[in-house]
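S.K.: Just dropping this structure here.
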Amino acid sequence: MKQEVLNLEKNKKGLKEEDAVNGESKKDFSSRFLSLLASKDRDFLLSSTGDQVKVSDLEGKVVGIYFSANWYQPCRNFTPVLAGVYEQLKDRGCGFEVVFVSSDEDSDAFASYRACMPWLAIPFSDLESKKALNRRFQVEGIPCLIILQPDDNEDESTLREGVELIYRYGVRAFPFTKQRLEELEKEEKEKHENQTITKLLINHNRSFLLSQSILKQVEVESLVGRTIGLYFSAQWCLPCLRFTPKLISIYHKIKQVIVEKKRAADSKEEGFEIVFVSSDRDRAAFDSYFGTMPWLALPFGDPTIKNLTRYFDVQGIPCLVILGPDGKTLTKHGRNLINLYQEKAYPFTKAQLEILEKQRNEEAKGLPVTEHHAGHRHELTLVSEGSGGGPFICCECDEQGSGWAYQCIECGYEVHTKCVKAVKRGSTG
Ligand SMILES: [Zn+2]
Ligand SMILES: [Zn+2]
């Protein structure tokens, strides 16, 4: 009851402002951006329950303008993340509001997408306003979250990368000012500089990892001093299913190399381990997937998984992050290095990779400049990073590659040099 009275009061007050909005004086808003959320015939936004909320109620708040659509998976992934942050900021009494600008195909789609959004929206039928906002903020892709500061009359304080910031920092990103972001970046940098394997993998409730024998848990502490691969993967991901068996075979080969080194009394050799960081959607999938792996794992659904994904900014799986014996990050491109060099990539140090790179360039010098490959009808040309090559997916083995490759520019066909099956073909084709 009390709430209704309050709304009535607001509506009365709003009547006077309505005239201002409909007239010339849109500048009455302290932020000129707020006027963009209203139109000639509309001075309100829709709340999640369908009530009208005055645009002027947003004065003094940090406002996120959220461009999104239900038909696009990356939007559907982001919306619940933003909703979580939004609810937390509301609970803390922070002045934050979100306004949804829909690119849904019809009003039914809009309504069903709206159902999972606790914030405000531009009415679906107001095409003009939606178009104007897209144009004003030059939205090129969705999801897009533009953050406006209160009293913001300068374009420089408008943040465009709201989606990345929410993914990266969650509620900590609030109030999204340049100053706050600088603080967070500094904190992040310090964290990476002081990074250790125990800080990364232990949390308040857990100091162990799972191993294959059900009864055995392995203390994170026991991994100190080893080279560690953090393997971000999931059973529902097809490229993961292709890469995992390959990684397993390389893992065993690396272990073998280490045994041999130890036999040769290389006392510096501390060993290698992989930790599976699962984004499987249910425990059954995790159990069956982890069941195929010879290494350790974080428990299914452990909060550390989310933190690590955010911390290493993992944008796609499979991803293999390699940590050195001191716990610092050696490379986030473990997958590519395994594809390129197999077990020789170990121990993934800069020195080792430089040696391999050099060898690879030497070997490539001995390769024919053109080659006929059994899997493609045109002649392929040898390319390197400096001559038209670059990151690619090999058409023969479906794995990532970079640097030296055989390529058919016409078709966009590219294979690893090791994947070429040379065939002799007559010069007449
Ligand atoms: Zn290949
Ligand atoms: Zn071709």
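S.K.: List the residue pairs whose Cβ atoms are under 8 Å apart, where the first residue sits in the range 410-422 and is under 9 Å from residue 397 (Cβ atoms) and touching a residue at least 40 places away in the same chain (Cβ under 8 Å), the second is of a type in the set (Asp, Glu) and within 14 Å of ligand 2 (Cβ to nearest atom), and the two are 6 or more positions apart or on different chains.
M.R.: Partner pairs satisfying both residue conditions: 415/396; 416/396.
S.K.: Same structure, new question: Filter the range 185-204 down to the residues that are of a type in the set (A, V, I, L, M, F, W, C) and either part of a loop (DSSP other than H, G, I, E, B) or modelled with pLDDT under 95 (or both) and list them by number.
M.R.: To start, the set of residues in the range 185-204 that are of a type in the set (A, V, I, L, M, F, W, C) comprises 197, 200-202.
Across the range 185-204, the qualifying residue is only 202.
S.K.: Return yes when residue 133 is assigned to a helix (DSSP H, G or I) and either among the small types (Gly, Ala, Ser) or surrounded by 13 or more Cβ atoms within 10 Å (Cβ to Cβ) (or both) and no when it is not. Before the answer, list the steps.
M.R.: Working: assigned to a helix (DSSP H, G or I): yes; either among the small types (Gly, Ala, Ser) or surrounded by 13 or more Cβ atoms within 10 Å (Cβ to Cβ) (or both): yes.
In short, yes.
S.K.: Of 221, 140, which residue is without any contact (Cβ under 8 Å) to a residue 40 or more places away in the chain and under 30 Å from residue 349 (Cβ atoms)? Talk me through it step by step, then tell me what you get.
M.R.: Details: 140 fails: under 30 Å from residue 349 (Cβ atoms).
After applying the criteria, what remains is 221.
S.K.: May I ask you to verify whether residue 43 is touching a Phe, Trp or Tyr at 6+ places or on another chain (Cβ under 9 Å) and crowded, with 20+ Cβ neighbours inside 10 Å? Step through it out loud before you land on a result.
M.R.: Numbers: touching a Phe, Trp or Tyr at 6+ places or on another chain (Cβ under 9 Å): no; crowded, with 20+ Cβ neighbours inside 10 Å: yes.
Spelling it out, it is not the case that residue 43 is touching a Phe, Trp or Tyr at 6+ places or on another chain (Cβ under 9 Å) and crowded, with 20+ Cβ neighbours inside 10 Å.
S.K.: Another one. Of all residues in the range 218-239, count the ones that are surrounded by 15 or more Cβ atoms within 10 Å (Cβ to Cβ) and of a type outside the set (A, V, I, L, M, F, W, C).
M.R.: The total comes to 7.
S.K.: Could you look through the range 388-402, keep only residues that are near ligand 1 (Cβ under 7 Å from one of its atoms) and part of a loop (DSSP other than H, G, I, E, B), and pick out the one that is farthest from residue 334 (Cα to Cα)? Before you say what the answer is, go through the steps one by one.
M.R.: Taking the range 388-402 as the starting set, the residues that turn out to be near ligand 1 (Cβ under 7 Å from one of its atoms) are 394, 396-397, 399, 401.
Now restrict to residues that are part of a loop (DSSP other than H, G, I, E, B): 394, 396-397, 399.
Numbers: 394: 17, 396: 20, 397: 17, 399: 13 Å.
Here the residue is 396.
S.K.: All but one of (1) in a strand (DSSP E or B); (2) away from ligand 2 (no atom under 16 Å from the Cβ); (3) not polar (S, T, N, Q) hold for residue 372; state the number of the condition that does not hold.
M.R.: (2)
S.K.: A further question on this structure: Quick test of your reading of the structure: residue 382 fulfils all but one of (1) loosely packed, with under 15 Cβ neighbours inside 10 Å; (2) in contact (Cβ under 8 Å) with a residue 24 or more places away in the chain; (3) within 16 Å of ligand 2 (Cβ to nearest atom). Name the failing condition by number.
M.R.: All conditions are met except number (1).
S.K.: So residue 97 fits all but one of (1) of a type in the set (D, E, K, R); (2) surrounded by 18 or more Cβ atoms within 10 Å (Cβ to Cβ); (3) modelled with pLDDT under 95; (4) within 25 Å of the chain's Cα centre (by Cα); what number is the exception?
M.R.: Just one mismatch for residue 97, condition (3).
S.K.: Any idea which of 364, 405, 374, 351 is surrounded by fewer than 13 Cβ atoms within 10 Å (Cβ to Cβ) and within 16 Å of ligand 1 (Cβ to nearest atom)? Explain how you work it out, then say what you get.
M.R.: Numbers: 364 fails: surrounded by fewer than 13 Cβ atoms within 10 Å (Cβ to Cβ); 405 fails: surrounded by fewer than 13 Cβ atoms within 10 Å (Cβ to Cβ); 351 fails: within 16 Å of ligand 1 (Cβ to nearest atom).
Of 364, 405, 374, 351, the one residue that is surrounded by fewer than 13 Cβ atoms within 10 Å (Cβ to Cβ) and within 16 Å of ligand 1 (Cβ to nearest atom) is 374.
S.K.: Here are some residues: 402, 387. Which one is over 26 Å from residue 261 (Cβ atoms), outside the structural domain of residue 321 (by TED's automatic domain parsing), more than 14 Å from ligand 2 (Cβ to nearest atom) and free of Cβ contacts under 8 Å to residues at least 12 places away in the same chain?
M.R.: Working: 402 fails: free of Cβ contacts under 8 Å to residues at least 12 places away in the same chain.
Testing whether each residue is over 26 Å from residue 261 (Cβ atoms), outside the structural domain of residue 321 (by TED's automatic domain parsing), more than 14 Å from ligand 2 (Cβ to nearest atom) and free of Cβ contacts under 8 Å to residues at least 12 places away in the same chain leaves just 387.
S.K.: Please go through the range 257-295 and give me each residue that is under 22 Å from residue 221 (Cβ atoms), of a type outside the set (S, T, N, Q) and touching a helix residue (DSSP H, G or I) at 6+ places or on another chain (Cβ under 8 Å), ordered by number.
M.R.: Hits for the range 257-295 are 269, 271, 272, 273, 274, 275, 276, 277, 293, 294, 295.
S.K.: For residue 214, state whether it is under 23 Å from residue 85 (Cβ atoms) and either under 22 Å from the mean Cα position of the chain (by Cα) or modelled with pLDDT under 95 (or both). I'd like the intermediate steps shown before the answer.
M.R.: On the way: under 23 Å from residue 85 (Cβ atoms): no; either under 22 Å from the mean Cα position of the chain (by Cα) or modelled with pLDDT under 95 (or both): yes.
So residue 214 fails the test.
The values are calculated or read from the model by the stated rules, or taken from the named source; none is laboratory data. The shown structure was predicted, so the numbers you read here are calculated from the model rather than taken from an experiment. Using ideal geometry, Cβ is built from the backbone for each residue, glycine included, and neighbour counts are taken over all protein chains shown.
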